[in-house]
Amino acid sequence: MRVLIAVLLLAGCGGGDGDRAARLAKAGKTADLPALLRVADVEAGRRAFGQCAACHTIGKGGQALAGPNLHGILGRAVAGDPRFGYTQALKDHGGRWDDARMDAWLAAPVRVVPGTRMAFLGVRDPMERADLIAYLRSESR
Ligand code: HEC
């Protein structure tokens with residue numbers, strides 16, 4: 001019983017994200033990215049985007065801040081906003097943003113693209129990254 005209460009308290013700590021434990025359980029013990037994306041929550045991602053919003057807008061046509069506007073980022077070419085002055089490092093990364101590349105980037109930007117100017121340590125929690133990806137996708141339509 002005590003354990004159950006502790007779990008409920010923990011689950012209640014995520015800023016109203018009380019269903020997180022249930023979502024993780026649903027994703028399974030060895031939850032990989034596709035499994036996490038199946039249980040990802042756009043609203044939790046919207047809250048998590050608070051840590052990005054100092055540097056990124058996401059609305060269509062939104063202005064660049066320290067970082068580029070992220071509207072439609074999934075499927076978009078890496079370093080693909082012509083209005084933004086990217087580092088050569090990110091330009092050289094090439095290709096397009098898909099779920100797997102976004103997941104790796106959000107976990108550790110500097111490890112994925114050494115020399116990037118995105119001064120952000122990364123999001124350690126895989127569920128939070130999946131929520132962020134779901135949010136980025138929902139804002140891309
Ligand atoms: C301190 C400012 C800052 C924060 C916080 C930040 N970013 Fe960035 N971001 C940048 C900058 C600057 C770049 C451009 C990097 C470069 O040119 O090397 C960038 C680039 C990106 C790109 C690549 C854009 C493209 O057009 O290819 C993505 C995706 C991205 N950020 C997502 C995020 C997300 C999601 C978060 C929050 C979890 C976040 N960033 C937090 C500054 C930031």
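Only residues that are touching a Gly at 6+ places or on another chain (Cβ under 6 Å) and touching a residue at least 24 places away in the same chain (Cβ under 8 Å) were counted in region 48-61, giving 1.
Against the criterion of being assigned to a helix (DSSP H, G or I), at negative phi, out of contact with any strand residue (DSSP E or B) (no Cβ under 7 Å at 6 or more places or on another chain) and near the ligand (Cβ under 10 Å from one of its atoms), LEU70 does not qualify.
Go through GLY95, GLY85, GLY80 for me and flag whichever is in contact with a helix residue (DSSP H, G or I) (Cβ under 9 Å, 6 or more places away or on another chain) and at pLDDT 95 or above. Matching residue, one of GLY95, GLY85, GLY80: GLY95.
Could you tell me whether GLY95 is in contact (Cβ under 8 Å) with a residue 12 or more places away in the chain, on the phi > 0 side of the Ramachandran plot and in contact with a strand residue (DSSP E or B) (Cβ under 7 Å, 6 or more places away or on another chain)? First the steps, then the outcome.
Values: in contact (Cβ under 8 Å) with a residue 12 or more places away in the chain: yes; on the phi > 0 side of the Ramachandran plot: yes; in contact with a strand residue (DSSP E or B) (Cβ under 7 Å, 6 or more places away or on another chain): no.
So GLY95 fails the test.
For ALA100, state whether it is closer than 16 Å to ALA134 by Cα and open to solvent by 50 Å² or more (accessible area, probe 1.4 Å). It is true that ALA100 is closer than 16 Å to ALA134 by Cα and open to solvent by 50 Å² or more (accessible area, probe 1.4 Å). Put simply, of ALA40, ALA31, ALA21 the only residue that is open to solvent by less than 30 Å² (accessible area, probe 1.4 Å) and either touching a residue at least 60 places away in the same chain (Cβ under 8 Å) or over 22 Å from SER138 (Cα atoms) (or both) is ALA40.
Restricting attention to region 23-56, the residues that are touching a helix residue (DSSP H, G or I) at 6+ places or on another chain (Cβ under 9 Å), assigned to a loop (DSSP other than H, G, I, E, B) and within 11 Å of the ligand (Cβ to nearest atom) total 2. When region 103-125 is filtered for residues that are more than 7 Å from the ligand (Cβ to nearest atom), open to solvent by 80 Å² or more (accessible area, probe 1.4 Å) and not aliphatic (A, V, I, L, M), the ones remaining, listed by number, are ARG111, PRO114, ARG124.
The values are calculated or read from the model by the stated rules, or taken from the named source; none is laboratory data. Treat the numbers as computed from the prediction; the structure is a model and nothing was measured. All Cβ positions, glycine included, derive from the backbone under ideal geometry; neighbour counts span all protein chains shown. Surface accessibility is based on the protein's heavy atoms, side chains included, excluding ligands, DNA and RNA. Shrake-Rupley method; radii C 1.70, N 1.55, O 1.52, S 1.80 Å.
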